[in-house]
Amino acid sequence: MRVLLVTAMVSSAAGLTLELLLVAQASYLMGDATLATGVVVGTFLAAMGLGAWLTEFIGTKRQSLVRLLRALMLVELCLFPLCLLGPLALFWLFSRNAPLWLATVVLTVLVGLLGGMELPLITRMLETQDQLRRALARVLALDYLGSLVGALAFPLVLLPWLGLLPSAAALSLVPVGCSLALASVFPSLRRWRYPLLALFPLASVAGVLIAPLGDRIEDRFYGARVIERKQSRFQRIVLTRQGADLRLFLDGDLQFSSLDEYRYHEALVHPALAWHPAPRRILLMGAGDGLALREILRWPDVEKVDVVELDPEVVKLARRHPMLRRLNADSLQDPRVQVHLGDAYAHLRSLPNQYDVVIADFPDPDTLPVARLYSVGFYGTLRQRLNPGAVVVTQASTPFLAPRVLASIEAALREVGLLTRPYSVAIPSFGPWGFVMAHENNGSDRFRPIPFATRWLDADQLSALFAFPRDLRPEASDTVQPNRMTRPVLLDYLRNDRRRRLQQPRLLIPMTPGF
């Protein structure tokens, strides 16, 4: 009985971990994290329900325990190759431009179907040895405990320490181990012991080989040599190089190309600092790569910069990698800089300083956690950290493909009483890119001269930035609402605006970041 209860707990932990792994992989490959989560979780739960129903037709009154044991063994052995090779197959299909959504759903259905059969089979076997009430209570208690273990192990241990594919390989050993335990305890399964003992080391070797094979497949995504890769608790970090072009990708989304990153970072930083008469204290949120910080530190007025970055691995890479250190001019080592690791919303409430300029360089708002960093509530909290006459600037995605995103960010900033000025810049790696600058009305509307030579942004370009083109604005018929945590409209705007623009006939679309 004990081995069945332990099998229930371990299988539950592995099942939930595999579900979270498929969610993470689908979000990474397909970009739309919210939709990927809904599809994988919904499909997985429905398939588990179908698997539980199918167990009704397994076993008879005569020799039912033997039949149930064999069925459980077959389920575990079928889960093994799906865990080991399924995520690798998704990477391979993605590199071949195959129908990835369909493949993800099929894999999720198969895994959920088999996972849904485990608990009913174990419960029915325990029922033959104990009262149903006691058997059900025990197996459900351990099942829930296993779910907790799996839910914590994946983000805190497996993903940051092993990565996606090695985690899948480690999970594939769970059904083999459960099968071996069953074969060791139950006489009717004894003949499976030696084949399973042989399978265990073979599965371990295959798991070790999965990681380099996955890396080779992943290299095809980027079209350049991967010189650094790291799976953190939060995202997949990849640094590539092709000739003089150094590129950083987070979860497959391009963050910068060294050939033209100066255009983005000069446009992000210098208008706000040129507008403020004496920018001494600066808050920079996101941008742990140090490139925006490099531009901030060029201003002689700057005395203190607080940097808030979610992922410590990005900061470590920016401080350690020699090519990235040259590109960011070792800005993260400057004594004027203090780095705060963690969520920007949480740190915004606890930071003791008031700021003259706040620069937000967050990712595009394609998930709920990121979308709240563009919300009315966040900007209301941010305004409490502003000195009189302070300036706020935020990146606002590509208004050519998603015009309502920038307009909604503007509306959220105006909702907290700030005046807004949208602007855009053409970046070869991304196409037209949008920003929003916001401030209180302090009577000034002039930019100071930039007190150093830049690569691109001079006085003429600075004034031209704010001539916001008409084709980057929403259509007259569009209704745009401010983004709120209780109503994250940015998720819908980002998804639907891009789909609508891409469906327009004879429209040339510039290259956008990501896959």
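What follows draws every value from the coordinates through simple rules; no lab data is involved. Note that the structure is predicted; figures quoted are calculated from it, not measured. Using ideal geometry, Cβ is built from the backbone for each residue, glycine included, and neighbour counts are taken over all protein chains shown.
Taking the Kirkwood radius as Rh and the Cα radius of gyration as Rg, the stretch 341-438 has a ratio of Rg/Rh equal to 0.96.
First select every other residue whose beta carbon is under 12 angstrom from the beta carbon of residue 424; then total the charges, Lys and Arg +1, Asp and Glu -1.
Once all neighbours under 12 Å are counted, the net charge is +3.
I need to check one value: relative contact order of the stretch 260-386, counting alpha carbon pairs closer than 8 Å and at least 6 residues apart, in percent. Contact order relative to length: 29 percent. Residues 340, 270, arranged from fewest to most other Cβ atoms within 10 angstrom of their Cβ, appear as 340, 270. Using the Cα coordinates of the stretch 108-192, the gyration tensor eigenvalues translate into equivalent-ellipsoid semi-axes of 27, 18, 12 Å, sorted from longest to shortest.
As a proxy for reagent exposure, 23, 480, 157, 269 were ordered by neighbouring Cβ count within 10 angstrom, fewest first; the result is 157, 480, 23, 269. If one computes the Cα centroid of the stretch 410-477 and of the stretch 85-106, what distance in Å separates the two points? The distance from the Cα centre of the stretch 410-477 to that of the stretch 85-106 comes to 41 Å.
Here the dipole of the chain is about 1280 debye; that uses its Cα centre as origin and unit charges on the Cβ of Lys and Arg (positive) and Asp and Glu (negative).
First select every other residue whose beta carbon is under 13 angstrom from the beta carbon of residue 483; then total the charges, Lys and Arg +1, Asp and Glu -1. Summing Lys and Arg as +1 and Asp and Glu as -1 gives 0. Treating each Cα of the stretch 2-221 as an identical point scatterer and summing with the Debye formula, the log10 of I(q)/I(0) at q = 0.07, 0.13, 0.17 Å⁻¹ comes to -0.22, -0.74, -1.21. P(r) tail for the stretch 153-270: Cα pairs beyond 26 Å make up 43% of the total. According to the Cα-based calculation, Rg over Rh for the stretch 1-98 is 1.06, with Rh computed by the Kirkwood formula.
Among 221, 256, sorting on how many other beta-carbon atoms sit within 10 Å of each Cβ, with the fewest leading, yields 221, 256. Restricting to the chain, compute how many DSSP beta bridges are antiparallel as a %, nearest 5. So the antiparallel bridges in the chain amount to around 60 percent.
Each 5 Å bin from zero up to the one holding the largest Cα-Cα distance in the stretch 252-353 carries the following percent of pairs: 2, 12, 23, 25, 22, 11, 3, 0. What net charge is computed for the residues neighbouring residue 11, neighbours being all others with C-beta under 11 Å from the C-beta of residue 11, Lys and Arg scored +1, Asp and Glu -1? Neighbourhood net charge equals -3. Translational diffusion coefficient, Stokes-Einstein: compute it for the stretch 192-329 using the Kirkwood radius over C-alpha pairs as Rh, at 20 °C and 1.002 mPa s, and state it as an integer in µm² s⁻¹. The diffusion coefficient I find is 122 µm²/s.
Hydropathy at least 1.0 by Kyte-Doolittle, axial extent at least 27 angstrom from the Cα trace: which helices of the chain, defined as entire DSSP H runs, fit?
TM-like helix candidates: 2-30, 33-54, 64-95, 100-127, 132-153, 164-185.
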